[in-house]
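In what follows, a structure is listed as structure tokens, so that the remarks can point back to it.
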Amino acid sequence: MLSLNKLIVGSWRTSRHLTNATQKSLSGILARSYMAGRNWVAAQGLQMKNNAAELPSSAPFIYPTRKGRCGVIVFHPTSNVQGVNESACKQLEDNLLLHEANEKLGTLVLLCTENATLHGTDYKGCFGNAKDSVTNQRLLTLKRREYATINQVHISALPVLAIMNGTFFTSAASLFLNARFPIITESTSLRFHSAQLGFFPDAGATKLLSSLGGLGMYLGLSGAELSGHSLVHFGLSPWFIEAEALEAFINDMSQNASRNLETLQERLAQNAMPLQPLENEAMDRYSEATRLFNPCFYQDQSPLDLLKRLETDGSEFAQTALRELTAGTSAFSMMVGAREGGEG
């Protein structure tokens, strides 16, 4: 697909009224004035459908564009690419820097296409495509790139608003939640499914989970889901906007975007929704998780201590958590197996 500047230069070159020197001069000006976000939607700006970015099916996984004074980077998961792999991290970093260098932009929005399910670290790719001798090196390279990308999103001079309207797993969740302004909707779903692969979440995920205390330990070990209002109630983000209001919010930001953080906070406050208290059932579940998993930080000597506590506790939540933690190849079951093997 031709970029906008290529189309313009190509059309001018067909004119008989321009000399070769003039053509070369104009080509140079266009190349130097290129700004991140000039692509197929440059004339109309970002297009939205069903409260999500609308892109052609052939669009790449990382798709940069813009909307007024907002730079925009769209994540476009497909059947071929669903995870934030090393290549995607590099593309994201490059586009962050391009948008940051554009002084006409006041902020940067991260969002996804409709019904997006965004995965994190591509562990499967590392193990499936590498020989034993280089697997660790591939993992190390990938994790270094992942850390760098999360850091770049967090410290960007162009404030990042990360709209989480979809399902986010592990590192992808960390990437969005570590932005200056992570935004939650009722459709946001967060899962740390590394446990099912035998890993405990790392990168930015550990920072997020540790801030939740016992609840965070439960989520990291079990891979259980946290969604919607709960993400705001438990402090993962202070900003909640209903999905149906996202297009209006982005339109507002496209006109009023600012690199001044206080101004951005004021605009967010005008668009964000006040939350109703969580239902008693949800609060009870999280209270039980805190009670049973908090001792992991200051009391337990091994995973077996948690296992014993869950076995002897009479609550329904404890029995459910026990089944979740000991099923399959969860991080917890692997730690228990390693400990038992060592003691045996």
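The values are calculated or read from the model by the stated rules, or taken from the named source; none is laboratory data. Remember, it's a predicted structure, so these values are computed and weren't measured experimentally. A quick note on method: Cβ atoms are made from the backbone with ideal geometry, for glycine too, and the neighbour counts reach across all protein chains shown.
Annotation note: of VAL72, VAL84, VAL9, the sole residue that is within 20 Å of THR167 (Cβ to Cβ) and either buried (at least 17 other Cβ atoms within 10 Å of the Cβ) or modelled with pLDDT under 50 (or both) is VAL84. Each residue in region 270-286 was checked for being over 16 Å from LEU246 (Cβ atoms) and part of a loop (DSSP other than H, G, I, E, B), and 6 of them qualify. Would you say SER189 is at pLDDT 85 or above and either aliphatic (A, V, I, L, M) or within 18 Å of PHE234 (Cα to Cα) (or both)? Here the answer is yes, as SER189 does meet what is asked. Can we say THR290 is polar (S, T, N, Q) and under 27 Å from HIS233 (Cα atoms)? Answer is yes for this residue.
Close contacts from region 157-185, counting a first residue that is within 10 Å of SER237 (Cα to Cα) and a second that is assigned to a helix (DSSP H, G or I) and polar (S, T, N, Q), with Cβ to Cβ under 6 Å and a gap of 6+ residues or different chains, come to none at all. Only residues that are among the acidic types (Asp, Glu) and under 30 Å from the mean Cα position of the chain (by Cα) were counted in region 268-312, giving 4.
Looking only at residues in region 47-69 that are part of a strand (DSSP E or B) and of a type outside the set (D, E, K, R), the one that is surrounded by the most Cβ atoms within 10 Å (Cβ to Cβ) is ALA53.
For region 248-265, the count of residues that are over 15 Å from ILE183 (Cβ atoms), out of contact with any helix residue (DSSP H, G or I) (no Cβ under 7 Å at 6 or more places or on another chain), loosely packed, with under 15 Cβ neighbours inside 10 Å and modelled with pLDDT under 85 is zero. Within region 208-233, restricting attention to residues that are within 26 Å of MET273 (Cα to Cα) and modelled with pLDDT under 80, the residue that is surrounded by the fewest Cβ atoms within 10 Å (Cβ to Cβ) is SER211.
Here is a yes/no grid of residues against (1) β-branched (Val, Ile, Thr); (2) part of a helix (DSSP H, G or I):
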position: GLU146; (1), (2): no, yes
position: ASN151; (1), (2): no, yes
position: SER171; (1), (2): no, yes
position: SER174; (1), (2): no, yes
position: ILE183; (1), (2): yes, no
position: LEU190; (1), (2): no, no
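Applying the condition of being assigned to a loop (DSSP other than H, G, I, E, B) and out of contact with any strand residue (DSSP E or B) (no Cβ under 9 Å at 6 or more places or on another chain) to region 212-269 and asking which residue is nearest to ALA157 (Cα to Cα) yields ASN260.
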